[in-house]
Each structure stands twice: as structure tokens, then as C-alpha cells.
Amino acid sequence: MRVSVALFTADLRVHDNPVLVAALKDAERVVPLFVVDTGIRRTGFAVPNRAAFLADSLADLDAALRARGGRLVVRVGDVVEETCRVATETGAAVVHLAGGVSRYAMRREERLRAELAGDRRELHVHEASLTVVPPGALTPAGKDKDHFAVFTPYFRRWEGFSVRGVLPAPDTVRLPDVRTAGLPGPQSLASGPTSPGLPTGGESEARRRLRSWLAGPLCAYDDQHDDLAADATSRLSPYLHFGCLSPTELLHRAREQHNPGAYAFVRQLAWRDFHHQVLAARPDAADHDYRPRHDRWRRGALETEAWKEGRTGYPVVDAALRQLGHEGWMPGRARMLAASFLTKTLYVDWRVGARHFLDLLVDGDIADNQLNWQWVAGTGTDTRPNRVLNPLVQARRFDPHGEYVRRWLPELRGLDAATIHRLPDLDDATRADLDYPARIVDLAEGAARFREGRGIGRETS
């Protein structure tokens, strides 16, 4: 009896899962395995919000496998050691795994391949599991270039890539005799309180949200995705991060819509792939400048804490940080505003902000989070590295009626939009009755410190 192992990592689903499908095709019995990786805790990546979402997702995956005659096999410890132990116990000849792009994932893969080979077992890595286009599949012309550093030319090639079809969920999963630990709870994965407004994790919820998104809101995405008050983004990013939803299936389903909203949404999937191919080629971009600007970052501990707590005195920035604290999520435009204010106005190192986001974001992904932060900070792939997003201009443009601000800043709910937009410039006497902090920095002062620190002229938007 031939046995294989399907090692789940960031692909916690049964629909369109190349790892699971290949493992089932490869053998009569399959071990659907998830290892609660104790090494993750040492990286600081195990945080309460993602732990709660992960626990939901594992429980949902187990239920889906049980409905097909199987179950999720859970082990706790070092991923490589536990996977090899399962392979030995069951006599599995092959382990199937989705390819990752972080340094941690790459090292895990290298160790696993070596350990399995030493025991005459194979590792099959499936590169088209976590992204639409495998990270190394598209490269620019020129023998010295291993990845695209600018999005637009990457997107042109990405659009024409022959994407694999959507794989059906299996009807049956048969396991060999193998022991398993119980499903982990959130507190066993990461201790500490979670944000009160967290979404429910798991493939079932992901597919419910996908159906709702495709049924209507997607068509307006092009016009409304930057409208902060409209809350018109898909909110599918946590499900993509944990692999509860396949990006390939999402691409195919979106392309069936044939409208400007779908095209704009597909472009965001391409951005996700773009960041993954950058990180795959430059793993140190997770914590080192992709394009060094020789910044002399300020420490600004008090200002940084005010930023984290949503007390900067700039309502749209504070609303974004309050939403992050409550939901463990925020829309892309809000992330850009918050990141620009920290790096370009307070002139604080992007790594400080990226770490705060990773501490709270349910969709906290190393590739997307770190490289988006670098894009905004001007140390990444942005072709206009010195642009500054003016929070007053951005608020009037993307929250013109002040609805987003009033939603997340209850102390300002009695104010009209005009007053909200003028708040940072009001004097203390005018603001006396408000339970809202004065601005922590004047925008002109912030712009000057940024220009001086980076040695540049003025460029804003």
C-alpha cells in the first residue's frame, strides 16, 4: 500500500489545492498533516489575532476532511522532525508541500528535502499553490535579472501567463493508521488578547464571502475600493494569506465577471504575486531596504506610540490605526495613509510600522506587508520613492464626508466633515471641548525633516 503525506502550511483548504490533489493521486492512503510549528514562536510571527484565525481554519479543514472520510493529522514540534517522523511511522514514500517565499519557508524546505532524501524519501514542492503565477516563472529580459523590480512590466507579462485550471475538491480521503494530537486552540498557538472584531477563519467562511463578493460588490470595486467609508474591498486577504481560498480560483472566478471592477481586482492579485516574486528573489527584503536611500531615521518613541494608538491628531490616520486595533485588518488605502504618515511625516523607520502591522494584522504576510511598507517608505519598488501622502488631502479625497473617521473615532461623531478636515489646524481654544489630541507634528515640519533626512526636493500627493 503506497502512502503519501500532504503537508499543509499556508494552503488550508480542500478546493483547488495542488498539494492535496497530487498526494491523493500519488498514493492509496494520504496523511493530511499540519504541524503546529514551535519554531514560529521564536520568529515573533505567532500573534493572538492570527492564532485565532488559524485555529478556526484548522478546525474547518478538519471538518472538510472528515466529510470525505479522512481527518486532519496534527503534530506539535519542529516541522521537519515531525513530518519525517510521520513519514517513517506510515511508510510514506513522498511528502507534498506548497512552495513558500520567505527565508523561513525556504530553509524549512531545504531541511525537509535533505532529511527525507537521507531516508530515501522524496519531497515534491508545488510552486503554483500559494500564488497565481509561481514566483520564479516570469523574469525580465537579460541574463542577470532574476525578478521584476517594477510592477507595470511584470503585470504585462503576468496577464499573458498560462494559468493552470481550478482543481476540484476530492470526494474521498483515505488515511493510513496514524496518531494525531488534538486540534489546537488559539491560546495554545499564541497567548494574549485578540482584537474584538476579528473575522471567522476557515475555508467555509472564505467561500461564503467569495460568493457574496462575486454576486455584486466586485462590479463596483474599480470605483469604490479607495472610498474609506464605503468599505468596498473584498476583505478576502486573510483567507488568501492562510490559503483558505485559492488565488488561482479567485482569478478565474473574477475574470468571468468581465467588468472594470473585476479587472481592477485582478490587478491586486497581480500585486500580491509581484511581491512574492520579489521576496523569493531577495529574501532579505523582509528586513533590509530593497533599495537603500541612506535614511537617517528618527527614533521618535513618543510620536510612534501616539501613531500606534491612533492619537496623532490627524483624524484619518487615527481612524486607520483604531480600525487595525479593533479588527486586525484595514483597507489598502488606510494602510498606505498610516504608513506614509509614519515614514514620511514622522520619519520613523518603516520596520517599526511593519512590525506593528504584523503584530495585529490577520492577513499579516511577510511578502505583502514588508514590501508594501517598503513601497510607501520609498525604499522598495516604487518608482517615485519620495512621494508623501498628505493626510489632509487624502482625507478630503477618500473620506470627503468624514464617515470613516466618525465610524472609528467616536469622540468626533458630533462633528461635521468640514470641521473634521480642519481639526489638525484648529487652535487649542477652539478645540477645548473635544476629547481628541492636538496634532503631534505640523505637516510642513514633517516634510522638512523627511527632505533633510533623505536629502531631496519636494514631492507630494
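What is the one condition in (1) assigned to a loop (DSSP other than H, G, I, E, B); (2) closer than 20 Å to A22 by Cα that F45 does not satisfy?
(2)
Filter the range 1-15 down to residues that are hydrophobic (A, V, I, L, M, F, W, C) and either assigned to a loop (DSSP other than H, G, I, E, B) or without any contact (Cβ under 8 Å) to a residue 60 or more places away in the chain (or both) and give me whichever is farthest from Y104 (Cα to Cα).
My answer is M1.
Take the range 191-215 and flag every residue that is within 17 Å of the chain's Cα centre (by Cα) and β-branched (V, I, T).
T200
Somewhere in the range 236-257, is a residue over 18 Å from V132 (Cα atoms), assigned to a helix (DSSP H, G or I) and in contact with a helix residue (DSSP H, G or I) (Cβ under 6 Å, 6 or more places away or on another chain)?
Looking for residues that are over 18 Å from V132 (Cα atoms), assigned to a helix (DSSP H, G or I) and in contact with a helix residue (DSSP H, G or I) (Cβ under 6 Å, 6 or more places away or on another chain), one finds none in the range 236-257, hence no.
Which ones in the range 303-317 are touching a residue at least 24 places away in the same chain (Cβ under 8 Å) and either assigned to a helix (DSSP H, G or I) or hydrophobic (A, V, I, L, M, F, W, C) (or both)?
Matches in the range 303-317: E303, T304, A306, W307, K308, P315, V316, V317.
When only residues in the range 251-301 that are within 24 Å of A105 (Cα to Cα) and among the aliphatic types (A, V, I, L, M) count, which is surrounded by the most Cβ atoms within 10 Å (Cβ to Cβ)?
Selected residue: L279.
Within the range 437-447, can you find the residues that are exposed (fewer than 15 other Cβ atoms within 10 Å of the Cβ) and under 32 Å from the mean Cα position of the chain (by Cα)?
D442 - this is the single residue of the range 437-447 that is exposed (fewer than 15 other Cβ atoms within 10 Å of the Cβ) and under 32 Å from the mean Cα position of the chain (by Cα).
For the subset of the range 25-38 comprising residues that are touching a residue at least 60 places away in the same chain (Cβ under 8 Å) and either of a type outside the set (D, E, K, R) or touching a helix residue (DSSP H, G or I) at 6+ places or on another chain (Cβ under 7 Å) (or both), which member is surrounded by the fewest Cβ atoms within 10 Å (Cβ to Cβ)?
V36
Mind listing whichever residues of the range 372-387 are out of contact with any Phe, Trp or Tyr (no Cβ under 7 Å at 6 or more places or on another chain) and not hydroxyl-bearing (S, T, Y)?
N372, W375, V376, G378, R384, P385, N386, R387 - these are the residues of the range 372-387 that are out of contact with any Phe, Trp or Tyr (no Cβ under 7 Å at 6 or more places or on another chain) and not hydroxyl-bearing (S, T, Y).
Would you tally the residues in the range 416-435 being outside any helix (DSSP H, G or I), modelled with pLDDT of 95 or more and touching a helix residue (DSSP H, G or I) at 6+ places or on another chain (Cβ under 8 Å)?
Matching residues across the range 416-435 total 0.
With the condition kept exactly as written, say whether any residue in the range 77-87 is crowded, with 17+ Cβ neighbours inside 10 Å, assigned to a loop (DSSP other than H, G, I, E, B) and either acidic (D, E) or assigned by TED's automatic domain parsing to the domain that holds A22 (or both).
Scanning the range 77-87 turns up no residue that is crowded, with 17+ Cβ neighbours inside 10 Å, assigned to a loop (DSSP other than H, G, I, E, B) and either acidic (D, E) or assigned by TED's automatic domain parsing to the domain that holds A22 (or both).
Is it true that A22 is touching a helix residue (DSSP H, G or I) at 6+ places or on another chain (Cβ under 7 Å) and assigned by TED's automatic domain parsing to the domain that holds R121?
Answer is no for this residue.
Name the residue that is farthest from P135 (Cα to Cα), counting only residues in the range 88-110 that are surrounded by fewer than 22 Cβ atoms within 10 Å (Cβ to Cβ) and of a type in the set (A, V, I, L, M, F, W, C).
A93
Taking C219 as meeting all but one of (1) part of a helix (DSSP H, G or I); (2) touching a helix residue (DSSP H, G or I) at 6+ places or on another chain (Cβ under 7 Å); (3) crowded, with 21+ Cβ neighbours inside 10 Å, write down the number of the exception.
(3)
The values are calculated or read from the model by the stated rules, or taken from the named source; none is laboratory data. This structure is a prediction, so every number in the text was calculated from the model and none was measured. Cβ atoms come from the backbone with ideal geometry, glycine included; neighbour counts cover every protein chain shown.
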